[in-house]
Every structure is written in structure tokens, then in C-alpha cells.
Amino acid sequence: MDDLNSFILIWAFIIGISQLMGFLFDLIKWAVRRKHPAKIEKSEDVSYPKFITVNIWHDSHLAHRYIQITYIRKEDNKYKRYIKRSVGGWIGSILLYLFFLVIIFGLPVAGLIIAPNHPDIKFLFGWSLMVFLIFLHSYLTGTDTIARMELNKYLKAQER
């Protein structure tokens, strides 16, 4: 086996194992969320209230609690997430996303610019892909996505 094929095989194995571990943790989260189901609170007792708050159970090393995510009604009875942050909260959120972008894209490109002929430069691209997939997985299985799914399930039940 030549070097490129072995490199691709090794990284495919590493990325596959990391994603399988992520799905194992998701299975544990799913079991805990079955024990603590989502709760939906309405601001008014009508079929399409102005505000809907979805409480989603969240386990972390800091706390085990319900997180409240509020949605506000827009036109045509569609709901959009209501985000109320301070200036510091917005700056922190933007800096966090910029940090993710630098880790995912900046480090491999900087390594390619600094040492284009280095024999192990492709290691940075594989590492970058693995970190990207881990961040994507955690975003797609996060509380925001779960709350949106619960809200859609609730709204479909209201239509019937």
C-alpha cells in the first residue's frame, strides 16, 4: 500500500471511530431525555401564541437542568428563535465562531503557507476535517436543534 492510501485509510478509521463515539454519547443523551421530556409553555392560551418556550433537558459537567429556548411568532404563524443577548454575549458568540473557523481552516492553510514541502502537511488537513466533523456533530445534536424539533412536533399536533 502506498503512503497516500495508508494515510487515507488511517484517517478514515480515526474519523469513523470519533463519530461512532459521538453517536454513543447521543444515545445516552436520548435515554436521559426520555426520562426528562421536553416541556412547552405558551404565553397565551390560543393555538398560535405570541411566544412559545421550549424547555429541553441538558446535561453537562457544569449543570443538569432544563434550558429554556423561546420562539416568537412571525408572519403566517411561523416561529423564529428569540435571541436576547447583551453586547458582550454577541461579541463572545462571534469570537467563539471565529475561533472555530481558525482551528478548522486557518491552521491547515497556515501550515501549507509556512511549510509547503513538508512531508506531513496532510496531517493538518485530516486533523482539521476531524475537528470540523466533531463541531458539526455537536451543533446538529445540540439543544437548539432538539428544541426546534420539539416545537415542530408541537405545532403539527396543534394543526390536527
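For the pair the range 127-152 and the range 11-47, the centres of their Cα atoms are 9 angstrom apart.
Among the chymotrypsin sites (Phe, Trp or Tyr not before Pro) within the range 18-86, those in coil by DSSP and having at most 15 neighbouring Cβ atoms inside 10 Å are 82.
Full extension of the chain between residue 59 and residue 157 gives 32.5 nm of extra length, using 0.36 nm per residue less the Cα-Cα distance. Counting protein heavy atoms only, the chain has 67 percent of its accessible area on carbon and sulfur, 1.4 angstrom probe.
The distance between label points at residue 34 and residue 120 comes to 4.4 nm (points 7 Å beyond Cα on the Cα→Cβ vector). When the alpha-carbon atoms of the range 24-133 are used, the pair Rg, Dmax equals 20.9, 66 angstrom. FRET efficiency for the pair residue 80 and residue 139, taken as 1/(1 + (r/R0)^6) with r the Cβ-Cβ distance and R0 = 25 Å, rounds to 0.85.
Which value, in Å², gives the accessible area per residue of the chain when a 1.4 Å probe is used on the protein heavy atoms?
On the way: 11700 Å² over 160 residues.
Ligands and nucleic acids excluded, the result is 73 Å² per residue.
FRET efficiency for residue 15 and residue 72, Cβ-Cβ distance as r, R0 = 41 Å, nearest 0.05? The partial results should precede the final answer.
Values: r = 39 Å, r/R0 = 0.94.
With R0 = 41 Å, the Cβ-Cβ based efficiency is 0.60.
State, as an integer percentage, the relative contact order of the chain based on alpha-carbon contacts under 8 Å between residues 6 or more apart. About 20 percent, as a whole number.
The values are calculated or read from the model by the stated rules, or taken from the named source; none is laboratory data. Predicted model, so just to flag it, every value in this text is computed and none were measured. Using ideal geometry, Cβ is built from the backbone for each residue, glycine included, and neighbour counts are taken over all protein chains shown. Note: areas computed on protein heavy atoms with side chains; ligands, DNA, RNA excluded. Shrake-Rupley method; radii C 1.70, N 1.55, O 1.52, S 1.80 Å.
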